[in-house]
1. Might you let me know whether the stretch 64-80 holds any residue that is part of a helix (DSSP H, G or I), at pLDDT below 70 and within 44 Å of the chain's Cα centre (by Cα)?
2. Only one residue in Met39, Met11 is under 30 Å from the mean Cα position of the chain (by Cα), surrounded by 10 or more Cβ atoms within 10 Å (Cβ to Cβ) and modelled with pLDDT of 80 or more. Which one?
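The values are calculated or read from the model by the stated rules, or taken from the named source; none is laboratory data. On a predicted model such as this, the values are computed, not experimentally measured, just so you know. All Cβ positions, even for glycine, are placed from backbone atoms using ideal geometry, and neighbour counts span all protein chains on display.
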Amino acid sequence: MVNFVSNTVQMKFIQTLLIILLIFFGLRILFRLLAPYIMRYIAKKAGERFQNMAQGYSSQNQPPKPEGETVIDEVPRREHTSNKNVGEYIDYEEID
């Protein structure tokens, strides 16, 4: 009787392991078949999102302007100021 019970437990354990392995390998094969389609879908959605962001930015940032009118949006900043304590200017001549 004890041998029968331990044999049944062993069979259930082996059956559980086989089911887990079957599910694991089945999902692995299924993912390999579906991965290109999933990646294509993700890339398409990312491209659409970037395109929508770019269109929203360009339409939001630039109000409509009349044709032929020149508009300056920003005044350029002067980052480089000349330092008067650099030294004297030397003009070099090229020797032939």
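1. The first filter runs over the stretch 64-80 and keeps only residues part of a helix (DSSP H, G or I), leaving none.
For the stretch 64-80, residues part of a helix (DSSP H, G or I), at pLDDT below 70 and within 44 Å of the chain's Cα centre (by Cα): absent.
2. Result: Met39 is the single residue among Met39, Met11 that is under 30 Å from the mean Cα position of the chain (by Cα), surrounded by 10 or more Cβ atoms within 10 Å (Cβ to Cβ) and modelled with pLDDT of 80 or more.
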